[in-house]
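Below: one structure, written as structure tokens.
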Amino acid sequence: MLEICVGNIESAIAAVGAGADRLELNSALQLGGLTPSTATVREALENVAVPVVVMIRPREGNFRYSDREFRTMLREAEDMLALGADGIAFGVLDGDSRIDRDRVKEMIGIAGARETVFHRAFDTTANPIGNMMILQELGITRILTSGCSPTAWDGRETLRGMMSHPGREIGILPAAGIRPSNVKDILEFLGCKGLHASCSRMIMPVDISGSSIRFNASGLPENAHIGVDVEQIREMKRIAGNQAL
């Protein structure tokens with residue numbers, strides 16, 4: 001199961017065409033991923049034949065939200081699920097950067113039988129085993145995590161410990177820094193059946209306008225945006241397929 005994180009409709013369609021088995025649909029990947037528009041979600045659901053999990057994140061920055069921000073998240077989740085999204089990805093922490101159990105329960109209640117993913121807010125907390133079991137008790141479908149490290153390879157020992165923990169039933173989806181050059185090693189070390197990757201690339205069309213006006217404050221070059229590298233996806237699928245033989 002190769003899940004690809006995408007930030008726009010063209011990337012969504014391209015990723016599935018290259019072999020993605022599931023999408024995590026976002027906007028603003030340069031900010032770590034925010035909630036996409038309902039129109040983008042509708043367009044994706046109409047044009048791809050794989051499960052689509054929608055990011056629910058109302059702003060960049062930390063994962064401690066005000067009451068108004070959390071109400072926005074609840075409404076966003078309702079809207080995306082009403083459109084037909086297969087699941088939602090979110091993360092909410094309390095003032096002490098611990099799992100906010102009450103708010104997680106509310107989000108799970110809205111999702112009903114559909115998938116709930118606690119995203120990499122998990123990696124900013126302490127005690128990964130304890131938090132994994134809390135999220136399992138609450139009913140989260142899976143955790144998107146790098147093992148509380150900058151990359152999945154850096155966190156491989158923690159990831160393996162989580163996956164082999166007695167009583168674990170919750171899904172663990174390794175993420176961060178996974179690419180064709182290390183996917184074989186990660187699969188061999190973890191023995192996992194699923195991975196999350198962005199396989200992103202910067203798309204920078206030729207600027208023929210000559211305008212000096214600048215709109216981009218994200219750090220990307222002006223007129224650039226983040227797209228998906230279909231060759232990376234194909235190579236990862238090839239390597240993963242060989243591993244399974």
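Brief remarks on what is shown
- Pairs where the first residue, in segment 47-67, is at negative phi and the second is open to solvent by less than 70 Å² (accessible area, probe 1.4 Å) and among the aromatic types (Phe, Trp, Tyr), C-beta under 8 Å, 6+ apart: 55/90; 56/90; 57/90; 58/65
- All of (1) within 25 Å of residue 229 (Cα to Cα); (2) under 18 Å from the mean Cα position of the chain (by Cα); (3) assigned to a helix (DSSP H, G or I) hold for residue 176 with one exception: (3).
- Single residue of segment 179-203 satisfying the filter (assigned to a loop (DSSP other than H, G, I, E, B) and either open to solvent by 30 Å² or more (accessible area, probe 1.4 Å) or within 17 Å of residue 150 (Cβ to Cβ) (or both)) that is modelled with the lowest pLDDT: 193
- So residue 83, is it surrounded by fewer than 22 Cβ atoms within 10 Å (Cβ to Cβ), out of contact with any His (no Cβ under 7 Å at 6 or more places or on another chain) and either within 26 Å of residue 203 (Cβ to Cβ) or of a type in the set (Asp, Glu) (or both): no
- Verdict on residue 15 being assigned to a helix (DSSP H, G or I) and either in contact (Cβ under 8 Å) with a residue 40 or more places away in the chain or under 17 Å from the mean Cα position of the chain (by Cα) (or both): yes
- Count of segment 103-125 residues which are under 23 Å from residue 41 (Cα atoms) and open to solvent by less than 20 Å² (accessible area, probe 1.4 Å): 8
- Neighbours by Cβ (under 9 Å, 6+ apart or cross-chain): first from segment 159-178, within 10 Å of residue 190 (Cα to Cα) and open to solvent by 20 Å² or more (accessible area, probe 1.4 Å); second assigned to a helix (DSSP H, G or I) and aromatic (Phe, Trp, Tyr): 160/189
- Counting only residues that are under 16 Å from the mean Cα position of the chain (by Cα), hydrophobic (A, V, I, L, M, F, W, C) and not in a helix (DSSP H, G or I), segment 61-116 holds 6 of them.
- Residue match in segment 129-144 (condition: within 22 Å of residue 30 (Cβ to Cβ) and open to solvent by less than 40 Å² (accessible area, probe 1.4 Å)): yes
- For segment 88-102, filtering for residues that are surrounded by fewer than 19 Cβ atoms within 10 Å (Cβ to Cβ) and on the phi < 0 side of the Ramachandran plot leaves 6.
- Residue within segment 118-132 that is under 23 Å from residue 5 (Cβ atoms), free of Cβ contacts under 8 Å to residues at least 40 places away in the same chain, touching a Pro at 6+ places or on another chain (Cβ under 6 Å) and not in a strand (DSSP E or B) present: no
- The numbered conditions (1) out of contact with any Asp or Glu (no Cβ under 8 Å at 6 or more places or on another chain); (2) over 21 Å from residue 196 (Cα atoms); (3) open to solvent by 60 Å² or more (accessible area, probe 1.4 Å); (4) not acidic (Asp, Glu) are all true for residue 49 except (2).
The values are calculated or read from the model by the stated rules, or taken from the named source; none is laboratory data. The model shown is predicted, which means the values in this text are computed figures rather than measured ones. No Cβ is skipped: glycine too gets one built from the backbone with ideal geometry, and neighbour counts run over all protein chains shown. Heads up: the accessible areas ignore ligands, DNA and RNA and are worked out on the full protein's heavy atoms, side chains in. Shrake-Rupley method; radii C 1.70, N 1.55, O 1.52, S 1.80 Å.
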